[in-house]
Amino acid sequence: MNENLFAPFITPTIMGISTLPIIMMFPCLILTSPKRWLPNRIQTLQIWLIRMITKQMMMMHNKQGRSWTLMLMSLILFIASTNLLGLLPYSFTPTTQLSMNIGMAIPLWMGTVTMGFRNKPKMSLAHFLPQGTPTPLIPMLIVIETISLFIQPLALAVRLTANITAGHLLIHLIGSATLALSSISMTISSITFTILFLLTILELAVAMIQAYVFTLLVSLYLHDNT
């Protein structure tokens, strides 16, 4: 029986109704707000990480750019939690869906570009034509810069989708190989299991790094337009 490698990336449904909204709300139950005077260790670690990431990401912005702090921090927590959710057994990773990632990338990109054209129209238009460009190259460079501008949200979405999907496929393939080799040679099976364990640790890091990269690129787009 042939196994479909892409079956884990199919959106789960119950009676024909997608359960994706319920899965996306599940990480919100993990990131709880402290209700006591002294938070526990998990909440203390959570607060420390949020403060460190906020300070590192927003230090380059002006007052207008820092008004996006809550949105960017919510974005990185949402992407990181959904990426980590997909590493649990019998779970689903919403960020493997290109449609969802494009749905996050386009409004954020459009918001930064609209803010730039609204507040700094001359500087925003100057990005389409670098200073000192020879006259014969002006039309071609304007077309290239326009394409590069409109391809930014697609690049954001494809980068996140490709990295998360590739990692999950590797885990699925090596896990299947480990299970198949267990009946042939325990030595080789133990080696592949060690590789699977190390790859799982790597995927934990990739899940958080990709959330940081996605949010950092949005932050850089914001910095260029404020």
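The values are calculated or read from the model by the stated rules, or taken from the named source; none is laboratory data. Keep in mind it's a predicted model, so treat the numbers as computed, not measured. Every residue, glycine among them, receives a Cβ derived from its backbone with ideal geometry; neighbour counts consider all protein chains shown. Surface accessibility is based on the protein's heavy atoms, side chains included, excluding ligands, DNA and RNA. Shrake-Rupley method; radii C 1.70, N 1.55, O 1.52, S 1.80 Å.
Points to keep in mind about this one:
- Apportionment of accessible area to carbon and sulfur, the range 7-225, percent (1.4 Å): 75 percent
- Were the residues from residue 114 through residue 141 laid out at 0.36 nm apart, the gain over their Cα-Cα distance would be 7.6 nm.
- Largest accessible area first, the residues 197, 78 order themselves as 197, 78 under a 1.4 Å probe with ligands, DNA and RNA left out.
- Here the Karplus curve 6.51 cos²θ - 1.76 cosθ + 1.60, taken at θ = phi - 60°, turns the phi angles of the range 40-56 into couplings of 6, 5, 5, 5, 5, 5, 4, 5, 5, 5, 5, 5, 5, 5, 4, 5, 6 Hz, with x standing for Gly and Pro.
- Integer Hz, Karplus 6.51/-1.76/1.60 couplings in order for the range 164-175, x for Gly and Pro: 5, 5, 4, x, 5, 5, 4, 4, 5, 5, 5, x
- Computed accessible area, residue 72, all protein chains, 1.4 angstrom probe, square angstrom: 0 Å²
- Remark: the residue 194-residue 148 segment gains 12.3 nm on full extension, using 0.36 nm per residue and subtracting the alpha carbon distance.
- Using a Förster distance of 22 Å, the FRET efficiency for residue 122-residue 155 (Cβ separation, nearest 0.05): 0.25
- Length released on extending from residue 224 to residue 209, taking residue separation times 0.36 nm less the Cα-Cα span: 3.2 nm
- Accessible heavy-atom area order of 212, 90, highest first, probe of 1.4 Å: 90, 212
- Each residue of the range 100-112 is assigned a 3J(HN,Hα), and the resulting list reads 5, 5, 5, x, 7, 6, 5, x, 5, 4, 5, x, 5 Hz, derived from the Karplus form 6.51 cos²θ - 1.76 cosθ + 1.60 (θ = phi - 60°), x at Gly and Pro.
- Rolling a 1.4 Å probe across the protein heavy atoms gives the range 7-225 an accessible surface of 63 Å² per residue.
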